[in-house]
Amino acid sequence: MCMMCSGASFDEVLFHVHGSIERAGWAVVPVSGDRRTRSWAYTIGLVELGHPELAVVGLRPESAGHLLNSIGDMVLQGHRFTAGGTSVGFRDKDYRFADVAPKHFVEDTFALWVAYYGALGEPRPEPRALEVIRSGLRPKLADP
């Protein structure tokens, strides 16, 4: 659910993200799609655990959240994922990882991530992320 669509202020959204990170170690941010773009979701907070953030494109927000939270739980258990490395199974499908192009942290793609760490001040973590891609599909957030 879009908090700001429901009347929350931007500060309330940042506070909610911070609370999720404090409780779970990360937060999942859903981004609704429209007729031109697909919905997607990404994490905020995994970089603080020494792991790149995760992003997934093309899943409904609830499914994306379940997938990212499942992989986030694996990160908490000590698993580390890399582009081209180990794949993971989720709901009878295999997913692999690809590096997200750094430009997405400068553009609006990870806007809430940038705002959250900007609000916390220095030192900021290095912006890095992996796209979680269903096996057989092409990455959407990698450099062409």
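FYI, it's all coordinate maths here, none of it is from the lab. Quantities reported herein were computed from a predicted structural model and do not represent experimental measurements. Using ideal geometry, Cβ is built from the backbone for each residue, glycine included, and neighbour counts are taken over all protein chains shown.
I'm spelling it out carefully: the read-out is Kirkwood radius over Cα pairs in Å, the candidates are [x] 15.4; [y] 16.6; [z] 18.8, and one was derived from this structure. Which label?
[x]
How big is the dipole moment of the chain about its Cα centre under a simple scheme where the beta carbon of each Lys and Arg is +1, that of each Asp and Glu is -1, and everything else is neutral? Debye, nearest 20, please.
600 debye
Report the full-extension gain for the segment F90 to L76: residue separation times 0.36 nm, less the Cα-Cα distance, to one decimal in nm.
3.3 nm
Could you work out how far apart the two model spin labels at S135 and E22 are, taking each label as a point 7 Å from the Cα in the direction of the beta carbon, and quote it in nm?
So the label points at S135 and E22 sit 4.1 nm apart.
Let's see if you can work this out: charge +1 on each Lys and Arg Cβ, -1 on each Asp and Glu Cβ, no other charges. What is the dipole magnitude of the stretch 68-130 about its Cα centre, in debye to the nearest 20?
Roughly 140 debye for the stretch 68-130.
Could you tell me which of Y95, L54, L137 has its Cα farthest along the dipole of the chain towards the positive end, charges placed at Cβ (Lys, Arg +1; Asp, Glu -1), taken about the Cα centre?
Most positive-ward Cα: L137.
Any idea how far apart F10 and A115 come out in nm if each label point goes 7 Å out from Cα toward Cβ?
0.5 nm
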